[in-house]
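Q: Starting off with a structure, shown below.
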Amino acid sequence: MYTIVISQKNPEMDAHARGTLADIRDHGLTGITRVEVDRVFRVEGNLSRDAAELLATRLFVDPVVETWAVYAAGETPDRQGASHVLEIAYNPGVMDPVEGSVLKASSDLGVALGAVRTAARYRFYGEATASEILDAAYAFLANKTVNHVVMGNDDLPKPFAAEEFKGPSHVELVDRDDDDLMAISRGRGLSLSISEMRRIKEHFEQLGRNPTDIELETLAQTWSEHCVHKTFKGRIEFDGEVIDNLLKQTIVKATQELAKPWCVSVFDDNAGVIEFDEKNHICFKVETHNHPSALEPYGGAGTGIGGVIRDVLGTGLGAKPVANTDVFCFARPDYPADEIPDGILHPRRIMRGVVAGVRDYGNRMGVPTVNGAVIFDDRYLGNPLVYCGTVGLLPVGCERKTVLPGMKIVVVGGRTGRDGIHGATFSSAELGSDEENVWSNAVQIGNPITEKKVTDVLMMARDRGLYSAITDCGAGGLSSAVGEMGERTGAVVDLERAPLKYEGLSYTEVWISEAQERMVLAVPPQHAEELLALFESENVEATVIGEFTDTGRLVLRYHGVEVADLDMRFLHKGVPQVRRNAVWRPREECDPVFEEPASLNADLLALLSHPTIASKEWIIRQYDHEVQGGSALKPLVGVENDGPSDASVIRPVLDSEKGVLLANGINPRYSLLDPYFMGLAVIDEAIRQVVAAGGNRGRTALLDNFCWGNPENPERLGELVRAARGCYEAAKAFETPFISGKDSFYNEYAVPSGTIAIPPTLLISAICVIEDVRKLVSMDLKEPGHFVYVVGLTRAEMGGSHYWMLHDAIGRDVPKVDLASAPTAMDKMSAAIRAGCVRACHDCSEGGIGVAAAEMAFSGGVGCEIDLGHLPADSTHGRSDILLFSESPTRWICEVPPDRQKEFETIMEGTPHGRVGQTTASLRMRVTGLSGNAVIDLSLEEMKEAWQRTLREV
Amino acid sequence: MRPHVLVLRAAGSNCDVETAHAFSVAGGEAQRVHVNRVAEKPSLLEKTSILVIPGGFTYGDDVSAGKVLANELMTRLSEPLLRFVERGGLVLGICNGFQVLVKTGLLPGWDEQTPSCTLAGNLSGRFEDRWVWLQPRSSQCVYTRGLEKPIYLPVAHAEGRFTASSPQVLDRLAGNDQVVFRYTDALGNDVGYPGNPNGADRSIAAICNIPGRVMGMMPHPERHIHPTHHPQWTRKSGNGRPDGLAIFENAIRAAQE
């Protein structure tokens, strides 16, 4: 074994080292004056020192900017005068994504290596004790779930020892009482309830035997909340009323009743599919990866995006991923560090890690990340939310999968390892401070290049017709993928055939490991040879692990010995319906009482600086939002490319002007007052953003993602019922069908005093087909001398508003979408844009007209004057601050050139609209209040600075 | 005749489709070919006029950006590649392709034992996607013929800081007319960050070899070949030709000469 250490020639150019120094000094170690970071490669195998030096000089070092040193086993690397030296190395079993590339490059150089492990080596200069350095390293460099700190000459951890296979082991369920059954469920991390354990016990009692360990695990995976949505499909008693399957009664019902002819496949594949053009459909899926991101933000978020991309690869016969979206909810980044409960990472660290994880995975996959949002609220402290979405392009004719007996089961892509054990059951449990130990296997590091290789070959194999069904290996690993594909046929799998990353996995681990970057195909036997050769031609592993049968049974073998024989029907239909109670009572809240300020300048600046409203440019620029060459409306727009676009649009087919528009709506503050109206509000928000950019609701589909607390709590569940009913009503009114959705429960964090539950959070993602991208508009003001209009009615409904938040209040009246008039307003706004009357259009959301107008002005570098006296409003309160900051839904601000005024007003007839002012050459925004005084008089520069300052560097 | 363009793919290439599309729009016959196919059949290069190494993260940019593919090309394909360059074949490396060309030594093409320049990590320490102005500088580079005023293209990279082992190397590049683009403002004046998005020495964004037929550039011309690619297209009534097209058209023209 040789250790190769690569150091920087000019460490002052190393931004990571500089950042680490700043962090460690912030952490209190002000005696540290310098940090340098080395890259370390440990290469194993039968190789000479010359060979190690060849690798160092020809491969590892960049001699223009770096130096190298090679150490044999037993030699101590030079400390280079540092006071403390430590290394951060991956834990055994965690994938080291660099290993594969180094093995390949070494072999190209004629050096055969056995194994490679990489590490980062930190040299600290100055005053601190070793234990202080170790604490600091775990505070922001290492994370025990995936890596560890090595100080001094600690031995590297040993790989696993292989255990001898002695036949299947059984779990004693027969004759056990309830206490025993629950002890088994908990002890094995199965997250199965007592009624589910009883059902399994009955089933096996009828068979006259006990289940094997792998049978029980397979049932637990397949029956997990993550996989079957027990809560949504359960039987709920809601204030005396019985709801049988909430999903069918609300979300799915809306889609069925709307029966849009352009919906191709809804709710039954890995993503929802709608028509795009004659040759292609578009599919869209949004997932959450909350629990893993709480424990290991970088790996959790990266594998989140990797997972949702695989959902799209596994839709129909495989769609090409063409865009990603990301929405996050965090506690505020300046949360006091000493007030954070045990076991929780600081929100700033979570945010940095999540952004880096999405960046590194999405960028390496070559999928543009084009749309997103970030919400800050301290109730996300223990449970940050990470929503990842992917849009795919699916050729017409590739919509359906076929699985027939005799087809081969082929696993392609990454190898199986001990990473990601119990992800599906993990996501069905609440977190607490010991989680990093209990669930550490559930968290992984992804390898996007493996997934990219798989994607490239899959698209070719699909076009050659080499397979007839595909699904991703996600939660539950092979158990879910094969179990699902073989549901109507039967399947037999020889588990020892699955390629492994290393020895030492039990047969159960092989079966349920959620190791990343794997897909499962059903391959007609006559195509198997060609398919395997195609994958090999691009260095992607593909292995036949079994075949589909006509027995209706799932049979698993390990080295020829049968270890499982499950009835597919029991596996998929046996799960007992969950019965739960739900209640909901409106909250009694009051509006804050305070006198209206004479000037609202300070309030507007405070709103612009709120992290939820503030510029996300720091995040957006780290994502490649233009790869694939189809960018048509960017997330950042305006005269300096830094204004907040309402939506993003791509052209997925490069020789066509047709586009796909993505937008989203999210506002968890409203759920505190009434989740029903939150449902209406966020659907309205998503659609009005579609409209603002030039889309229309007639070709818009929606996705729902519910992130909730513990559904066994009747109040939580009552909130869910209210929100789902809101979704139904709004989707029906706007005629926008749901095509896919996902839920994530148990987002609560156990602390000694109880739990921290997230606010019920509903993300609505909207996707709209755009006929001609050249008709789109952006939100930045374009020219002085144009009219400014507000479309939509402003009401005194301040509940949940950000203005009330400045006064530490939630308030009484949640904004209510008027479903009778809102669809018409949307259509008129779309028509005005289509007619070319509108040069800029921005929707009003958090911070109301004040924030929206300010964003339009500073993004365009064009001033404006607005008179609140001309605002369409339905109130007699006489307060300018309410008019300016109300978050009433279904409103936009538009810039209309004088020569289009008449046409615009004709189109708008019947919908409230008001000419509130004009754009100006002066670089200021002035708002005249109801009393005739200027309530806002600010320069574009100071507003923009307030908006950009908060998250300029995180 | 439409010149044959070979867009080389490897694990982690990800701008191959749109780069091939840009060459098609410019009048080329573009094909995306995996590096394994070229290694099996190096004669593929013989009927190729333009070899393109597109953007992406080949082999994850593990070790350093473009290094593993550069290593692969020089161990598996060095002879046919050098022959291709010697016979005047055109080579274009964009972003990751530029990193690959520098790490193979095909750029600056000085036949050195030890590399004298590289593309190091951005001074900002992170990946950034942003639009930049580029002043064309080289009179002999075939890809920028006819370009005088600054052009506007996006960059998207984490390791794009062009840097050399000594100021003499930079002088030599300038003296040889090998500097193709410098980051500037819209008028061609010097800029700091973010106009120079990565902190490159002397704001160098692209270089070519001495004959001007092998070029590597960090910005992405294939991302500005359609009017709606421009980040401010909604602000303008009539747009001119998208700036990136000229690079591809020049390459096609040079191949046809």
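The values are calculated or read from the model by the stated rules, or taken from the named source; none is laboratory data. Small disclaimer: the values here were computed from a predicted structure and weren't measured. Please note: Cβ atoms are built from the backbone with ideal geometry, for glycine as well, and neighbour counts cover all protein chains shown. These accessible areas exclude ligands, DNA and RNA; they are computed on the full protein's heavy atoms, side chains included. Shrake-Rupley method; radii C 1.70, N 1.55, O 1.52, S 1.80 Å.
Q: Could you give me the residue pairs with C-beta distances under 6 Å whose first residue belongs to the range A:835-846 and is touching a residue at least 40 places away in the same chain (Cβ under 8 Å), whose second residue is open to solvent by 30 Å² or more (accessible area, probe 1.4 Å) wherever it lies, and which are 6+ apart or on separate chains?
A: A:Cys837/A:Arg900; A:Cys837/A:Glu903
Q: Pick out, from the range A:751-808, the strands (runs of 3 or more DSSP E) lying fully within it that include 2 or more residues that are farther than 18 Å from A:Glu589 by Cα and open to solvent by less than 10 Å² (accessible area, probe 1.4 Å).
A: Working: elements: A:754-757, A:761-770, A:787-791.
Per the criteria, A:761-770, A:787-791.
Q: Mind checking whether some residue in the range B:135-143 is hydroxyl-bearing (Ser, Thr, Tyr), farther than 29 Å from A:Met365 by Cα, more than 13 Å from every other protein chain (Cβ to nearest Cβ) and open to solvent by 50 Å² or more (accessible area, probe 1.4 Å)?
A: Yes, the range B:135-143 has at least one match.
Q: Taking the range B:209-245 on its own, how many of its residues are free of Cβ contacts under 8 Å to residues at least 40 places away in the same chain, part of a loop (DSSP other than H, G, I, E, B) and either touching a His at 6+ places or on another chain (Cβ under 6 Å) or within 14 Å of chain A (Cβ to nearest Cβ) (or both)?
A: Number of matching residues: 7.
Q: Residues in the range B:177-193 that are touching a residue at least 60 places away in the same chain (Cβ under 8 Å) and under 20 Å from the mean Cα position of the chain (by Cα): how many? Write out each step before concluding.
A: So the first thing to find is which residues in the range B:177-193 are touching a residue at least 60 places away in the same chain (Cβ under 8 Å), and the list is B:178, B:193.
So of that shortlist, the ones also under 20 Å from the mean Cα position of the chain (by Cα) come out as B:178.
Here the count works out to 1.
Q: Given the condition under 25 Å from A:Asn143 (Cα atoms) and within 14 Å of another protein chain (Cβ to nearest Cβ), answer yes or no: does some residue in the range A:62-84 qualify?
A: No: zero hits.
Q: Still on this structure: Among the residues that make up the range A:236-259, is at least one of them open to solvent by less than 20 Å² (accessible area, probe 1.4 Å), over 30 Å from A:Tyr728 (Cβ atoms) and of a type in the set (A, V, I, L, M, F, W, C)?
A: No, because not a single residue in the range A:236-259 is open to solvent by less than 20 Å² (accessible area, probe 1.4 Å), over 30 Å from A:Tyr728 (Cβ atoms) and of a type in the set (A, V, I, L, M, F, W, C).
Q: With respect to the numbered conditions (1) over 29 Å from A:Tyr298 (Cβ atoms); (2) away from chain B (no Cβ under 14 Å); (3) of a type outside the set (Gly, Ala, Ser), which one is the sole condition not fulfilled by A:Leu109?
A: Of the numbered conditions (1) over 29 Å from A:Tyr298 (Cβ atoms); (2) away from chain B (no Cβ under 14 Å); (3) of a type outside the set (Gly, Ala, Ser), the odd one out for A:Leu109 is (2).
Q: Quick check on this structure: which one of A:Ser185, A:Ser191, A:Ser224 is open to solvent by 10 Å² or more (accessible area, probe 1.4 Å), under 20 Å from A:Phe570 (Cβ atoms), under 30 Å from the mean Cα position of the chain (by Cα) and not aromatic (Phe, Trp, Tyr)?
A: None of the others qualify; the one that does is A:Ser191.
Q: Can you name the residue in the range A:105-114 that is without any contact (Cβ under 8 Å) to a residue 40 or more places away in the chain and not in a loop (DSSP other than H, G, I, E, B) and is also surrounded by the fewest Cβ atoms within 10 Å (Cβ to Cβ) among such residues? If you could, list the steps in order and put the result at the bottom.
A: Taking the range A:105-114 first, the residues without any contact (Cβ under 8 Å) to a residue 40 or more places away in the chain are A:107-108, A:110.
Restricting the remaining residues to those that are not in a loop (DSSP other than H, G, I, E, B) gives A:107-108.
Working: A:Ser107: 13, A:Asp108: 18.
So the residue we want is A:Ser107.
Q: Here are some conditions: (1) closer than 30 Å to A:Leu556 by Cα; (2) in a helix (DSSP H, G or I); (3) open to solvent by less than 40 Å² (accessible area, probe 1.4 Å). A:Arg569 meets all but one. Which one does it not meet?
A: Among (1) closer than 30 Å to A:Leu556 by Cα; (2) in a helix (DSSP H, G or I); (3) open to solvent by less than 40 Å² (accessible area, probe 1.4 Å), the lone unmet condition for A:Arg569 is (3).
Q: Tell me, please, whether a residue that is open to solvent by 10 Å² or more (accessible area, probe 1.4 Å) and either part of a helix (DSSP H, G or I) or of a type in the set (Ser, Thr, Tyr) (or both) can be found in the range A:382-401.
A: Of the residues in the range A:382-401, the ones open to solvent by 10 Å² or more (accessible area, probe 1.4 Å) are A:393, A:395-401.
Now narrow it down to the ones that are either part of a helix (DSSP H, G or I) or of a type in the set (Ser, Thr, Tyr) (or both): none.
So far as the range A:382-401 goes, no, none of its residues is open to solvent by 10 Å² or more (accessible area, probe 1.4 Å) and either part of a helix (DSSP H, G or I) or of a type in the set (Ser, Thr, Tyr) (or both).
Q: Which condition does A:Val98 not pass, out of (1) of a type outside the set (Lys, Arg); (2) surrounded by fewer than 21 Cβ atoms within 10 Å (Cβ to Cβ); (3) within 14 Å of chain B (Cβ to nearest Cβ), if it passes all the others?
A: Just one mismatch for A:Val98, condition (2).
Q: So which of A:Ala598, A:Ala614, A:Ala602 is in a loop (DSSP other than H, G, I, E, B), small (Gly, Ala, Ser), over 31 Å from the mean Cα position of the chain (by Cα) and more than 9 Å from chain B (Cβ to nearest Cβ)? Spell out how you get there, then give the answer.
A: Details: A:Ala614 fails: over 31 Å from the mean Cα position of the chain (by Cα); A:Ala602 fails: in a loop (DSSP other than H, G, I, E, B).
Going through A:Ala598, A:Ala614, A:Ala602 in turn, just one is in a loop (DSSP other than H, G, I, E, B), small (Gly, Ala, Ser), over 31 Å from the mean Cα position of the chain (by Cα) and more than 9 Å from chain B (Cβ to nearest Cβ): A:Ala598.
Quick grid of which residues meet (1) touching a Cys at 6+ places or on another chain (Cβ under 7 Å); (2) open to solvent by 10 Å² or more (accessible area, probe 1.4 Å); (3) more than 10 Å from every other protein chain (Cβ to nearest Cβ); (4) modelled with pLDDT under 95:
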{"residue": "A:Leu662", "(1), (2), (3), (4)": "no, no, yes, no"}
{"residue": "A:Leu680", "(1), (2), (3), (4)": "no, no, yes, no"}
{"residue": "A:Arg699", "(1), (2), (3), (4)": "yes, yes, yes, no"}
{"residue": "A:Asp704", "(1), (2), (3), (4)": "yes, no, yes, no"}
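Q: Among the residues of the range B:49-95, which ones are in a helix (DSSP H, G or I), aliphatic (A, V, I, L, M) and either away from every other protein chain (no Cβ under 11 Å) or surrounded by fewer than 22 Cβ atoms within 10 Å (Cβ to Cβ) (or both)?
A: If we filter the range B:49-95 for residues that are in a helix (DSSP H, G or I), which is where we start, we get B:58-61, B:67-76, B:78-86.
Add one more test, that the residue is aliphatic (A, V, I, L, M), and what stays is B:68-70, B:73-74, B:81-82, B:85.
Scanning the range B:49-95 gives B:Met74, B:Leu81, B:Leu82, B:Val85.
Q: Give the residues of the range B:115-156 that are at pLDDT 95 or above, out of contact with any helix residue (DSSP H, G or I) (no Cβ under 8 Å at 6 or more places or on another chain) and among the hydroxyl-bearing types (Ser, Thr, Tyr), sorted by residue number.
A: Answer for the range B:115-156, where residues must be at pLDDT 95 or above, out of contact with any helix residue (DSSP H, G or I) (no Cβ under 8 Å at 6 or more places or on another chain) and among the hydroxyl-bearing types (Ser, Thr, Tyr): just B:Tyr152.
Q: Which residue, of A:Ala832, A:Ala820, is among the small types (Gly, Ala, Ser), modelled with pLDDT of 95 or more, over 32 Å from the mean Cα position of the chain (by Cα) and surrounded by 20 or more Cβ atoms within 10 Å (Cβ to Cβ)? Break it down stepwise before answering.
A: Details: A:Ala820 fails: surrounded by 20 or more Cβ atoms within 10 Å (Cβ to Cβ).
Answer to the check: A:Ala832.
Q: On to the next question. Count, please, the residues in the range B:21-42 that happen to be in a helix (DSSP H, G or I), free of Cβ contacts under 8 Å to residues at least 24 places away in the same chain and either away from chain A (no Cβ under 11 Å) or open to solvent by less than 10 Å² (accessible area, probe 1.4 Å) (or both). Spell out how you get there, then give the answer.
A: At the first step, the residues of the range B:21-42 found to be in a helix (DSSP H, G or I) are B:21-25, B:35-40, B:42.
Filter once more, so that each one left must be free of Cβ contacts under 8 Å to residues at least 24 places away in the same chain: B:24, B:36-37, B:40.
Those left that are additionally either away from chain A (no Cβ under 11 Å) or open to solvent by less than 10 Å² (accessible area, probe 1.4 Å) (or both): none.
Result for the range B:21-42: 0.
Q: Taking the conditions exactly as written (touching a Gly at 6+ places or on another chain (Cβ under 6 Å) and of a type in the set (S, T, N, Q)), does A:Thr471 satisfy them or not?
A: Working: touching a Gly at 6+ places or on another chain (Cβ under 6 Å): yes; of a type in the set (S, T, N, Q): yes.
The answer is yes for A:Thr471.
Q: While we're on this one: Out of A:Pro872, A:Pro897, A:Pro912, report the one residue that is modelled with pLDDT of 95 or more and closer than 15 Å to A:Cys841 by Cα. It would help to see each step written out before you state the result.
A: Working: A:Pro872 fails: closer than 15 Å to A:Cys841 by Cα; A:Pro912 fails: closer than 15 Å to A:Cys841 by Cα.
Sole residue among the options that is modelled with pLDDT of 95 or more and closer than 15 Å to A:Cys841 by Cα: A:Pro897.
Q: Here's a follow-up. Of all residues in the range A:1-60 being of a type in the set (Gly, Ala, Ser) and in a loop (DSSP other than H, G, I, E, B), which is modelled with the lowest pLDDT?
A: Step one: list which residues in the range A:1-60 are of a type in the set (Gly, Ala, Ser), which gives A:7, A:15, A:17, A:19, A:22, A:28, A:31, A:45, A:48, A:51-52, A:56.
So of that shortlist, the ones also in a loop (DSSP other than H, G, I, E, B) come out as A:28, A:31, A:45, A:48.
On the way: A:Gly28: 87, A:Gly31: 95, A:Gly45: 90, A:Ser48: 94.
Among them, the one singled out is A:Gly28.
Q: Give the residues of the range B:96-126 that are within 26 Å of B:Gly195 (Cβ to Cβ), in a loop (DSSP other than H, G, I, E, B) and at the interface with chain A (Cβ under 9 Å from one of its Cβ atoms), sorted by residue number.
A: Result: B:Ser116, B:Gly121, B:Asn122, B:Leu123, B:Ser124, B:Gly125, B:Arg126.
Q: To continue, here is another question. Taking B:Pro194 and the conditions (1) open to solvent by less than 50 Å² (accessible area, probe 1.4 Å); (2) within 13 Å of chain A (Cβ to nearest Cβ); (3) in a loop (DSSP other than H, G, I, E, B); (4) in contact with a strand residue (DSSP E or B) (Cβ under 7 Å, 6 or more places away or on another chain), which numbered condition does it fall short on, given that it satisfies the others?
A: The number of the failed condition is (1).
Q: Restricting attention to the range A:922-944, report how many residues are over 20 Å from A:Val790 (Cα atoms), among the aliphatic types (A, V, I, L, M) and open to solvent by 60 Å² or more (accessible area, probe 1.4 Å).
A: Number of matching residues: 1.
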